[in-house]
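In what follows, a structure is listed as structure tokens, so that the remarks can point back to it.
The values are calculated or read from the model by the stated rules, or taken from the named source; none is laboratory data. These numbers come from a predicted model, not from an experiment. Note that we place each Cβ from the backbone using ideal geometry, even for glycine, and neighbour counts take in every protein chain shown.
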């Protein structure tokens, strides 16, 4: 009985990871559409205001930040959809088992990168440290020489850390997506149907 319950618990954990990845992917799909619409609107606004002789200087910075967020969120979604760049010169000439082993190794490397990036963001943003300083950016910067929470953007005058939040967000979503990909690569779960996305391979995007 205990063995059966252990297997069920393990299967439940794997299913939770894949379901979490799918939920994140759905949210990313909505976010990507919204950010693309926002970026288009900002570019048109920039052209219009410059043409009329009343340029809004904050539009350039807003467009840049929108592009940054769009890039990271899009990269995360592409990793789950397996639309990221891949070198197939070697795997195409290997047997099925060897190609599968290399695929697992590649997924593990992406998972390792996500974990390393999450650790870097934790040390850089130091949520425990800023909380210990009473969320006072000046006090935190004076004690740690980390002035992340005192910096502001040039024209929008937003706190810079808000823009940088895309980095830990990307790290966390990449970890979940790569873990779900690894589960599928190991044959522990069936790959999800992507027909609703209208994209079958990276070549179809080019």
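Take residue 174 and tell me if it is touching a helix residue (DSSP H, G or I) at 6+ places or on another chain (Cβ under 9 Å), surrounded by 13 or more Cβ atoms within 10 Å (Cβ to Cβ) and under 30 Å from residue 38 (Cβ atoms).
It is true that residue 174 is touching a helix residue (DSSP H, G or I) at 6+ places or on another chain (Cβ under 9 Å), surrounded by 13 or more Cβ atoms within 10 Å (Cβ to Cβ) and under 30 Å from residue 38 (Cβ atoms).
So how many residues does the range 144-170 have that are farther than 25 Å from residue 70 by Cα and free of Cβ contacts under 8 Å to residues at least 12 places away in the same chain?
Number satisfying all stated conditions: 2.
So which of 141, 200 is surrounded by 15 or more Cβ atoms within 10 Å (Cβ to Cβ) and modelled with pLDDT under 95?
Going through 141, 200 in turn, just one is surrounded by 15 or more Cβ atoms within 10 Å (Cβ to Cβ) and modelled with pLDDT under 95: 141.
Assess whether residue 147 counts as being part of a loop (DSSP other than H, G, I, E, B) and surrounded by 13 or more Cβ atoms within 10 Å (Cβ to Cβ).
Considered against the rule, which asks whether it is part of a loop (DSSP other than H, G, I, E, B) and surrounded by 13 or more Cβ atoms within 10 Å (Cβ to Cβ), residue 147 comes out as yes.
Checking residue 106 against (1) free of Cβ contacts under 8 Å to residues at least 60 places away in the same chain; (2) more than 20 Å from the chain's Cα centre (by Cα): exactly one of these is not met. Which one?
(2)
Look through 33, 12 and report the one residue that is farther than 27 Å from residue 187 by Cβ and either loosely packed, with under 13 Cβ neighbours inside 10 Å or modelled with pLDDT under 90 (or both).
One residue alone meets the criteria, 33.
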